[in-house]
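Readers should treat all values here as calculations from the given coordinates under stated rules, not as data from a laboratory. All of these numbers come straight from a predicted model, not from anything done at the bench. For neighbour counting, all protein chains shown are included, and Cβ atoms are generated from backbone atoms with ideal geometry for every residue, glycine included.
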Amino acid sequence: TLKVGVTESGSLEYNTKSIDYDLNLDVSDDDEDDSDDDDDTVQKYLKIEEIYAASGQRVMEGEELLKFTEDSVEAVRALLQNAVVKAQSDYAEAESTYELSLLEAQTDYDTQKISASYAASIRNTSGTSVTNNVASLQVQLEQKQANTASLQEKLTQAQEDYQDALETYEAAKEGYEGVGTDNTVNFMTIQNGYLSARTKYLQAKSALTQAETAVTDNENAITELTNQLAAAQAKQKIDKLDTEETYQEAVIIGQNAQTTYNATVEDLKETLQEAEETKEKREEQLEAFEDFVGSDGILYATEDGVITEVSYEAGDRLTTTGALFSYATSDDMRISVDVTQEDIVDLQVGDAVDITFTAYPED
């Protein structure tokens, strides 16, 4: 059979896909130093043990592409597992702190509301003892001042009585000392008069001393009470100012209690949420790692295709994210052939063609 056809050359174009390494192995906290030393580098990065695929090789879905070293897989797994345990522990602690702090915030809120409710009554009753003390001192001072006139009057009377008794006593003493003892009856009479005058004199002198002491004590008491009253009144003013300030603060705190409580709750929720997000992030990192390395540390092709680029070699560490392999699949390929205008008229849509690639001349 004679076969006649058109032979032309062209080019193959294809869209590439990639198998990417996109694991996030950063388990440091935001406030920690993220710099890596040699030990951290060894621990944090996967190391390639062997590459099974080469550029230009056709691979089938499920075919082995590369293998990671067992030591690097276990090291990274331990790093992520420890991070998960720590994040779970931190979350449990944050949850406990949240419950306790929320209870404390509620207690503070209730206390502030109660304090605000009773602020007026506290203001009215807080100065009662000081007020009572001032009133008591005023009463005592008035009593002492009222006694002044009476005591002064008694002192004047005592002075007069003393003067009279003194004159009588001196006269009786003079007569007693000058009388003779010849006349017994007359001597006894004068002696009795002298003794009587002497007794009255001593009594008047004692009464005068008591009256003077009473006046002096009363004056001293008035001075003391006056000083105490002044101090108490000054304290009363200070206490009133302090009480009013405390009252105003209680009213303001009561008015802001709801706002303060809401802000505290929001802060607590935010802290708890951050701990929960960190826990979930660490769990997702570990899950993504396990999905990536699998149970045997081997990376498999996800679909059929032709490897177009291999980005790493055996012994390399995956220190950055990016494409491990690039490949093209048959449904993404397009062959473009230039046909002369003399030959194009002999071709129809749907005609069968034979394709031979330069790299595979026998196929």
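Structural remarks
- Over the chain, the hull volume per residue, using the convex hull of the C-alpha atoms, is 330 Å³.
- A prolate overall shape is assigned to segment 254-341, the ratio a/c of its alpha-carbon gyration tensor axes (a ≥ b ≥ c) being 1.5 or greater and a/b exceeding b/c.
- Computed from label points 7 Å out along Cα-Cβ, the spacing between residue 359 and residue 86 is 4.6 nm.
- Cut-off under 5 Å, modelled amide H: who pairs with residue 308 long-range: 56, 326, 327, 328
- Gain upon complete extension [residue 93, residue 277; 0.36 nm per residue less C-alpha separation]: 64.8 nm
- The calculated FRET efficiency for residue 135 paired with residue 166, based on their beta-carbon distance and R0 = 51 Å, is about 0.65.
- Placed amide H near residue 21: partners under 5 Å, 5+ positions off or other chain: 322, 323, 324
- Each of the peptides 154-161, 352-359, 53-60 was scored by the mean count of other Cβ atoms within 10 Å over its residues; in descending order, highest first, they stand as 154-161, 53-60, 352-359.
- Between residue 298 and residue 52, residue separation times 0.36 nm minus the direct Cα-Cα distance comes to 87.6 nm.
- Residue-averaged 222 nm ellipticity for the chain, from DSSP H runs of 4+ at -39500 (n - 2.57), nearest 500: -23000 deg cm²/dmol
- The residues packed around residue 92, meaning those with a beta-carbon under 12 Å from its beta-carbon, carry a net charge of -3 if Lys and Arg are +1 and Asp and Glu are -1.
- Residues with amide H under 5 Å from that of residue 49, placed H, sequence gap 5 or more: 67, 68, 69, 315
- Local net charge near residue 261, Cβ-Cβ under 14 Å (Lys/Arg +1, Asp/Glu -1): -3
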